[in-house]
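The values are calculated or read from the model by the stated rules, or taken from the named source; none is laboratory data. Since this is a predicted model, take the numbers as computed values, not measurements. Neighbour counts run over all protein chains shown; Cβ positions are idealised from the backbone, glycine included.
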Amino acid sequence: MTRRRRFADAGQAFPIYITVVGGLLFLAFAYLAVGQAAANRNGAQTAADAAALAAAQERRDQLSGAWVENLLDPEKWQDIFDGMADGLTPSCWRAEQLAAGNDATVLNCHADGLLGYTVEVQTNKTVGDSIVPGTETKKSKATATAVIEPRCGFELPAPAPEEDAAEKDELPTLSCKGGISWELDSETPDDLLPKPEDLFDVHLAD
């Protein structure tokens, strides 16, 4: 009699065991789907960050080049540090390059004022197959903004009624972050001029 009862109890417990195991498996697959989605979103954000920084760095390099071209015309320096210069060209092509390198596609890229770029990207890969319907075709999107900040300031000398040739060669001193000063004149070699990273910071917006 006791043996029959044990078999009966075991028979009743077996469906419960199957139900519990099935529930645990479902949870495991659900967590896997969540992990896949999170990894895809992280990939999208990484691509967006890199693309926005690349576009802003390209604009920074153009501004630095414009500053070098106008080295002897200090009255144009402030406009350049404010993001305005002749001959500037769009920089979104660099965003597209960096997004592609991170297996993503740029959906939108535009200048954010004079000293910034905002980029929206979409991953090329989907989240993948999972127990959540629709993930096999779902792609992740992300947006990032990078800004350019001048690192240096200067003061234009007071105009003199008469200037000799030596005075005309004098240029304002660039006072930059970190306590760095650049004493420049018309004879300063190109390899001793401030580099783009000396003139401008580029970082993601907060």
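A few notes on this one:
- Scanning the stretch 80-113 for residues that are among the charged types (D, E, K, R) and over 14 Å from residue 200 (Cβ atoms) turns up 86, 94, 96, 103, 112.
- Hits in the stretch 80-97 - residues which are under 21 Å from the mean Cα position of the chain (by Cα) and hydrophobic (A, V, I, L, M, F, W, C): 81, 88, 92, 93, 95
- Boolean, residue 107 is under 18 Å from the mean Cα position of the chain (by Cα) and more than 30 Å from residue 189 (Cα to Cα): yes
- Only one of the listed residues (169, 206) is in contact with a strand residue (DSSP E or B) (Cβ under 7 Å, 6 or more places away or on another chain) and modelled with pLDDT under 85. That residue is 169.
- In this structure, residue 153 qualifies as surrounded by fewer than 20 Cβ atoms within 10 Å (Cβ to Cβ) and modelled with pLDDT of 85 or more.
- Residue tally, condition assigned to a helix (DSSP H, G or I) and touching a residue at least 12 places away in the same chain (Cβ under 8 Å), over the stretch 94-119: 7
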